[in-house]
Amino acid sequence: MKFGFVFSQTDTRPMYQQIMEQITQRIAVGDWPPGTPLPSIRELAVETKVSIITVKRAYLELEREGVILTQQGKGSWVSESLDLMALQREELIQHLQQAGKLAKSLAIPEDELLQMLRKYI
Amino acid sequence: MSAPLAIECKDISKQFPHFKLQNVNLSFEQGTVMGLVGPNGAGKSTILRIVMGLIGPDSGSIKVLGHSMPNEQLAAKRNIGFVAEDMRLYESETIAFHMDFIKSIFDSWDDEYAKTLLRRFDLNKDQKVKGMSHGQRVKATLLLALARRPNLLVFDEPTTGLDPAVRKEVLDEMMNSLQDETHSILFSSHNTLDVEQISDYITFIYGGRIIESRNKEDFMDGWRRLRLTNMNNCQLPDLSNIKDVQQSGRLCSVTVNNYDDSIPEQFTHAGLQTSSVERLTLEEIFLANVQSAKANEYKGATL
């Protein structure tokens with residue numbers, strides 16, 4: 001396979017998130033440095049055998065996060081001003097938000113939650 | 001600017017002695033894949049036959065690649081590759097005979113691609129149909145449709161009865177046929193994984209009606225399962241979104257459609273605690289849809 005994307009059937013996340021991860025990983029390890037043009041949505045869909053609409057969604061989300069840039073008629077490329085640290089930080093914040101929400105729905109008090117978190121630092 | 005439509009069915013109905021298709025609206029643009037799902041006898045094959053002009057509807061209109069069906073089917077079929085389960089090949093002839101036969105009718109036949117497909121599908125063109133297995137027959141029929149490189153593929157249950165390796169080859173070739181914006185696919189399948197993987201649009205059919213027809217991301221995003229704890233035996237909120245409720249003791253799992261973030265709050269207001277919100281696979285959505293459609297039928301019958 002040209003791009004070497006490998007997906008897991010046991011991964012319960014939606015497919016568009018798995019595609020996003022495969023792309024950000026390629027960027028993170030430096031295989032796709034800033035400015036690298038991404039395959040067209042159709043090209044990547046045909047290559048990975050995943051529907052066009054799913055690949056399109058992955059690109060839209062990556063654009064929203066500032067990881068890639070897309071211009072009508074020109075395609076997409078890895079953002080030149082990409083701050084990988086900021087990206088990973090953003091991901092951590094999202095996990096914390098989830099944890100906070102869950103703790104609230106389980107009625108776990110704030111100090112207990114902080115104690116739980118400390119165990120993993 | 002949106003792409004031209006591959007298929008446009010408007011309000012088609014068709015009455016049979018023991019079954020009726022009611023007000024079917026189905027359309028999707030060229031360059032995309034539409035997957036039909038639904039239980040046995042829901043009307044999937046009938047819709048495909050109507051699209052192919054093999055059955056005329058009692059009312060409604062059908063346009064395929066811009067041609068009105070069934071009146072302009074000759075022009076339309078030049079660009080459609082249709083494969084159904086009950087298609088027969090000549091038992092005493094070889095695959096090569098069939099390839100030459102199709103090639104003599106359709107000038108779009110691609111010799112190189114046909115050879116590639118023979119290799120990928122692991123078929124021997126000199127073998128007679130008589131001695132071929134079910135899987136080999138299906139693959140041969142798909143090859144005959146694909147090698148014409150038609151603009152529209154209409155496949156009725158293309159992967160039924162195939163082993164996982166061959167199923168993958170078939171799905172791969174379906175996706176390979178989408179190289180540009182002018183190629184589209186309409187297919188039906190019981191294999192929800194196949195539909196979930198390659199479809200851009202999903203249409204769910206039950207009892208001759210379309211229950212849901214929308215783009216796959218919205219379709220999959222709309223459904224959620226909430227895991228709730230009901231400590232005080234409170235009444236569940238009366239939401240039209242709720243499609244299924246499983247309750248045992250204080251634990252409760254609720255399946256909802258058209259999910260939005262306000263739904264967990266509504267359960268909290270009703271006195272229940274949400275412990276998790278899960279996405280569903282297409283298989284689970286399929287089952288929930290069938291269950292809820294059946295329940296509605298029952299309600300209708302008792303009224």
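Exposed loop sites here are GluC sites (Glu not before Pro) in DSSP loop states with at most 16 other C-beta atoms within 10 Å. What is the longest stretch of chain A lacking them?
That gives A:1-64 as the longest site-free run.
According to a simple spin-label model (label point 7 Å from Cα along Cα-to-Cβ), what is the distance in nm between B:GLU91 and B:ASP238?
About 6.3 nm separates the two model spin labels.
Starting from the amide H of B:THR160, placed 1.01 Å from N in the peptide plane, find each other amide H under 5 Å away whose residue is 5 or more places distant or on another chain.
Counting only residues 5 or more places away or on other chains, the set is empty.
For the stretch B:98-110, take each phi angle, set θ = phi - 60°, evaluate the Karplus expression 6.51 cos²θ - 1.76 cosθ + 1.60, and give the result in whole Hz per residue in order, putting x for glycine and proline.
Those phi angles translate into 5, 4, 4, 4, 5, 4, 5, 9, 10, 6, 7, 3, 10 Hz.
Does the protein assembly as shown classify as rounded, prolate or oblate by the C-alpha gyration tensor (a ≥ b ≥ c root eigenvalues; a/c under 1.5 gives rounded; else a/b over b/c gives prolate, otherwise oblate)?
Judged from the Cα gyration tensor, the protein assembly as shown comes out oblate (a/c at least 1.5, b/c at or above a/b).
In terms of the Cα gyration tensor, with a ≥ b ≥ c the square roots of its eigenvalues, is the stretch B:171-228 rounded because a/c is under 1.5, prolate because a/b exceeds b/c, or oblate?
Verdict is prolate for the stretch B:171-228.
Name the residue, out of B:ILE12, B:ILE185, B:ILE105, whose mean-square fluctuation peaks in a Gaussian network model built on chain B with Cα pairs under 10 Å.
The residue that fluctuates most here is B:ILE105.
Quick one: longest stretch of chain B between exposed loop GluC sites (Glu not before Pro), exposed meaning at most 16 other C-beta atoms within 10 Å and loop per DSSP?
B:182-303
Please enumerate, by chain and number, the lysines with C-alpha under 27 Å from the C-alpha of A:LYS74, excluding those fewer than 8 residues away in the same chain.
A:LYS2, A:LYS49, A:LYS56, B:LYS216
Which of these, B:VAL154, B:VAL277, B:VAL166, has the largest mean-square fluctuation under a Gaussian network model of chain B (Cα springs below 10 Å)?
Greatest mean-square fluctuation among the candidates belongs to B:VAL277.
In the calculated pair distance distribution of the stretch A:15-78, what percentage of Cα-Cα distances lie above 13 Å?
59
Which far-off residues, 5 or more places away or on another chain, put their amide H under 5 Å from the one on B:CYS9, with H placed in the peptide plane?
Placed amide hydrogens put B:LEU26, B:SER27, B:LYS63 under 5 Å from B:CYS9.
The stretch B:181-259 to the stretch A:72-121: how many Å between their Cα centroids?
The two parts, judged by their Cα centres, are 28 Å apart.
Please report the relative contact order for the stretch B:94-195, taking Cα pairs under 8 Å with a sequence separation of at least 6, and give it as a percent rounded to a whole number.
Across the stretch B:94-195, relative contact order equals 29 percent.
What longest region of chain B stays clear of chymotrypsin sites (Phe, Trp or Tyr not before Pro) that DSSP places outside H, G, I, E and B and that have at most 13 other Cβ atoms within 10 Å?
B:91-303
Can you compute the FRET efficiency between B:GLU278 and B:LEU74 using 1/(1 + (r/R0)^6), with r the Cβ-Cβ distance and R0 = 41 Å? Round to the nearest 0.05.
After rounding, the FRET efficiency stands at 0.25.
Tabulate in residue order the Karplus-calculated ³J(HN,Hα) for the stretch B:69-81, using 6.51 cos²θ - 1.76 cosθ + 1.60 with θ = phi - 60°, rounded to whole Hz; enter x for Gly and Pro.
Karplus-based 3J(HN,Hα) across the stretch B:69-81 equals 10, x, 4, 9, 5, 4, 5, 5, 5, 4, 10, 10, x Hz.
Kindly identify chain A as rounded, prolate or oblate by the Cα gyration tensor criterion: order the square roots of the eigenvalues as a ≥ b ≥ c, call it rounded if a/c is under 1.5, otherwise compare a/b with b/c, prolate if a/b is larger, else oblate.
Judged from the Cα gyration tensor, chain A comes out prolate (a/c at least 1.5, a/b above b/c).
Could you give me the ³J(HN,Hα) list for the stretch B:174-180, computed from phi with Karplus coefficients 6.51, -1.76, 1.60 and θ = phi - 60°, whole Hz, x at Gly and Pro?
5, 5, 4, 6, 9, 3, 9
Which of the trypsin sites (Lys or Arg not before Pro) across the stretch B:215-303 are loop residues per DSSP, with 16 or fewer other Cβ within 10 Å?
B:ARG250
For a quick check of your reading of the filter: which trypsin sites (Lys or Arg not before Pro) in the stretch A:76-121 sit in a DSSP loop and have no more than 12 other Cβ atoms within 10 Å?
Passing sites in the stretch A:76-121 are A:LYS119.
Any idea what the relative contact order of chain A is, in percent, if you count C-alpha pairs under 8 Å spaced at least 6 apart?
Reported relative contact order: 22 percent.
Before anything else, pin down the relative contact order of chain B: Cα pairs under 8 Å, at least 6 apart, normalised by residue count, whole percent.
Reported relative contact order: 19 percent.
Going by amide H atoms built from the backbone, whose H comes under 5 Å of the H on B:LEU153, apart from near neighbours?
So B:LEU153 has HN proximity to B:GLY81, B:SER184, B:ILE185, B:LEU186.
Read-outs: derived from the displayed coordinates by stated rules, not from any lab. None of these values were measured; they are calculated from a predicted model. Virtual Cβ from ideal backbone geometry, glycine too; neighbours counted across all protein chains shown.
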